[in-house]
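Each remark here refers to the structure printed beneath this line.
The values are calculated or read from the model by the stated rules, or taken from the named source; none is laboratory data. Since the model is a prediction, treat every value here as computed from it, not as a measurement. Note that each Cβ is placed from the backbone with ideal geometry, even for glycine, and that neighbours are counted across all protein chains shown.
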């Protein structure tokens, strides 16, 4: 067990995240004075104890291990929170590196958006050499990860500057219904067999929220639209057309540069629905197999075949869809790097414009996590140490087939010996990048989000807290019954920050 004693309750999340990166399987217990911060109780004697003393002028860390102690200390010149946190994490990183004898590819960075740092430096006008030096000196990142962050950030910035993103906002519309619930899923999604009777009432509530959002003076132009879920194509073709037409009637479409519908599950897609999407002006769709190994599809609860994926994809091509994304997940139950290679080999002839590679991290809300905890010895469900090899297969495939990485985020709360390899990376053929993905990941625009489980992210550059959220309830029934409350949440936020919106 790792026991950490803090002088005050600051930076607990960052400290715990960095310790977990070095000791993924160890229990981390943090105390402030004698107050327990972690919910975990002491179950065994701690073999590493760390004392952290924080003052305005000095940070002191002392490690105690097997009767030996060592002190790490740094004077503080600035109490600005970000600078203070970086010094603290660098000291803690040095301590943990000496304890374990290992370095982390992302260094002290534990957040989900490491590319934001590189982009900030590029926006300041720095050259590549300066960005590299900054990330190496301040965050101890490896050359490989710095190169990845720089490549993606440079690509993102070039794409965003071409669309005048600073004067725009984006719209997210959530459809939380699915054909079935996949065993690894932790998102709000409701199987249509059980909840299909609520779809019409849900859409009525959704239209009410859309009408409210469209009527406010956000003082920005609509840049992108993303209909996600769940699985939007769980809706019938008629319902899908009505939804898109409603959006087009309510919002000015003249400057919309991208309209995405995450069709997702192949077993929810029909020729008629593909025709609706094309006729209504959708510019980008997703057809997401996750894997092209039938045994795995069956194991995770996907009710479609590999052949069905290929058939639907080719049908979409025949209907004129020329920007198609395909999602893959590496680290699915019992899969090996060879299985990932087989999936990629099967996707190669389809030649999708986008390929998004997700690394599986089992969340508490996923049924697969419960099954893993109750039944698995470890090797059946989590092939520990193989994520890096799987990721390497996707990187090599992308290079070979002309894909360029254009956005990335790290998995939150990833654990395991290869947890630093668990990144989600979007690859695209040049000119086919998903702009919405960049905007939401780099937090460069306000995202107005409607629907159950949707979370609006407001960008307010002139305020102290630049990113602020307004969230909707996750439950479909609660959303339907409390739709006026969801609207009131946005209205209250708008009234409070009305001047900030008008001054943008």
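Scanning the stretch 402-418 for residues that are at pLDDT 90 or above and not in a loop (DSSP other than H, G, I, E, B) returns 404, 405, 406, 407, 408, 409.
Meeting the requirement of 3 or more residues that are under 23 Å from the mean Cα position of the chain (by Cα), the helices (runs of 4 or more DSSP H) wholly within the stretch 434-498 are 435-442.
Exactly one of these conditions fails for residue 351: (1) within 23 Å of residue 165 (Cα to Cα); (2) in a loop (DSSP other than H, G, I, E, B); (3) at pLDDT 95 or above. Give me its number. The number of the failed condition is (1). Among helices (runs of 4 or more DSSP H) entirely within the stretch 48-141, having at least 1 residues that are buried (at least 19 other Cβ atoms within 10 Å of the Cβ) and either more than 27 Å from the chain's Cα centre (by Cα) or assigned by TED's automatic domain parsing to the domain that holds residue 32 (or both) singles out 81-100.
Would you call residue 399 at pLDDT below 95, in the same structural domain as residue 290 (by TED's automatic domain parsing) and surrounded by fewer than 22 Cβ atoms within 10 Å (Cβ to Cβ)? Spelling it out, it is not the case that residue 399 is at pLDDT below 95, in the same structural domain as residue 290 (by TED's automatic domain parsing) and surrounded by fewer than 22 Cβ atoms within 10 Å (Cβ to Cβ).
Of the residues that make up the stretch 162-171, is at least one touching a helix residue (DSSP H, G or I) at 6+ places or on another chain (Cβ under 8 Å), over 30 Å from residue 4 (Cβ atoms), outside any loop (DSSP other than H, G, I, E, B) and modelled with pLDDT under 95? Yes, because at least one residue in the stretch 162-171 is touching a helix residue (DSSP H, G or I) at 6+ places or on another chain (Cβ under 8 Å), over 30 Å from residue 4 (Cβ atoms), outside any loop (DSSP other than H, G, I, E, B) and modelled with pLDDT under 95.
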